[in-house]
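The values are calculated or read from the model by the stated rules, or taken from the named source; none is laboratory data. Bear in mind the structure is a predicted one, so any value in this text is a computation, not a measurement. Note: ideal-geometry Cβ built from the backbone for every residue, glycine included; neighbour counts use all protein chains shown. Surface areas here come from the heavy atoms of the whole protein model, side chains and all, with no ligands, DNA or RNA. Shrake-Rupley method; radii C 1.70, N 1.55, O 1.52, S 1.80 Å.
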Amino acid sequence: MSAAVIGSQFLEKSALKASTTNNPREQIDLTEKELSARLKLLQHSPNIGFDNVLADSIFVQFLQYFGDDEVREQVGYGKSPEFFEALISKDPHYRGFYVFLSGSSTLYAGKPEKSVEIMASGLADLSPSQPPNSYYVWRYKAVDELLFLGDNEAAQKSFSSAAEWASQSNDFEAEQVGQLSQRTADFLAANPDSRTAQIDAWSSLLSIALSKDARDHAIRKIEALGGSIVFSKDGAISGIKYEKAEGSPEASIESDI
């Protein structure tokens, strides 16, 4: 049996150990250390012909890890980036992994620099057409760079890359998201502290928020910047309106979900 398969099986057992122990904190701390070791083993294990299946298995274990509220309240979400280092190393092409990466590692684990690093490693294996929606990964990277790292120059370049990749994609959302990305890049290029660019970024984060708390946080940030949330008749968020700080007329930003 390969080391990768053994490591994957261990993740499932680790989740059980952390939840059923009679000595919670001591056992949880031990499990967290073992988890790091096994995730590192999986990350560096050789390709064995079914990496997508292995990635799916790791992701299921991540969902168990992330959803174990009792344990997470005690020790936090610090292992989230390690899950995604292993996940992206095995399957960099699935957009959904990056959604959870940004949401869990940036917002919950408080490690945006690791999120950006992992996204950059995944982008090295992507192209504008493979997968067709790969431009979204540049957007997730740009949002973390702008809002959590304060690196406006890097964010501007990432938004520009998102627009460029979208222009080469045949994905049905590519044109709309590409235009939004280019607009945000232009705002940042002209005004690095652009309120409009920040609202654009928070709206993007709102569209992929993993919890009500994360959504409420994004909404508060948007409103603090002068934006207002537009709801559809069924109560879903359909857009964001605001007066652009750059002096142009009112605009409506559509969510890029």
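Of all residues in region 207-239, which are part of a strand (DSSP E or B), under 22 Å from L188 (Cα atoms) and modelled with pLDDT of 80 or more?
Listed by number, the list holds a single entry, S228.
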> Would you pick out the residues in region 240-257 that are at pLDDT 75 or above and open to solvent by 70 Å² or more (accessible area, probe 1.4 Å)?
Replying inline: K241
>> Quick test for you: out of W202, W165, pick the one residue that is modelled with pLDDT of 85 or more, touching a Lys or Arg at 6+ places or on another chain (Cβ under 9 Å) and not aliphatic (A, V, I, L, M).
In response: W202
>> Being open to solvent by 30 Å² or more (accessible area, probe 1.4 Å) and assigned to a helix (DSSP H, G or I) is the filter here; which residues of region 121-142 pass it?
In response: S121, W138
> Restricting the search to region 38-65, which residues are farther than 19 Å from Q27 by Cβ, among the aromatic types (F, W, Y) and in contact (Cβ under 8 Å) with a residue 24 or more places away in the chain?
Replying inline: F59, F62
> When the residues of region 152-181 are filtered to those that are open to solvent by 70 Å² or more (accessible area, probe 1.4 Å) and in contact with an Asp or Glu (Cβ under 9 Å, 6 or more places away or on another chain), which remaining residue is nearest to R139 (Cα to Cα)?
Replying inline: K157
> Do you know which of the residues in region 91-110 that are in a helix (DSSP H, G or I) and among the aliphatic types (A, V, I, L, M) is most open to solvent (accessible area, probe 1.4 Å)?
Replying inline: L107
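Residues are listed down the side, and each one gets a yes or a no for (1) assigned to a loop (DSSP other than H, G, I, E, B); (2) modelled with pLDDT of 85 or more; (3) more than 20 Å from M119 (Cα to Cα):
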site: Q27; (1), (2), (3): no, no, yes
site: P46; (1), (2), (3): yes, no, yes
site: G49; (1), (2), (3): yes, no, yes
site: A55; (1), (2), (3): no, yes, no
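Could you identify the single residue in E117, E113, E34, E70 that is under 21 Å from L149 (Cβ atoms), open to solvent by 40 Å² or more (accessible area, probe 1.4 Å), touching a residue at least 12 places away in the same chain (Cβ under 8 Å) and part of a helix (DSSP H, G or I)? Step through it out loud before you land on a result.
On the way: E117 fails: touching a residue at least 12 places away in the same chain (Cβ under 8 Å); E34 fails: under 21 Å from L149 (Cβ atoms); E70 fails: under 21 Å from L149 (Cβ atoms).
Going through E117, E113, E34, E70 in turn, the sole match is E113.
Can you tell me which residue among E82, E26 is more than 25 Å from D125 (Cβ to Cβ) and not hydroxyl-bearing (S, T, Y)? Lay out the reasoning, then the answer.
On the way: E82 fails: more than 25 Å from D125 (Cβ to Cβ).
That would be E26, the only listed residue that is more than 25 Å from D125 (Cβ to Cβ) and not hydroxyl-bearing (S, T, Y).
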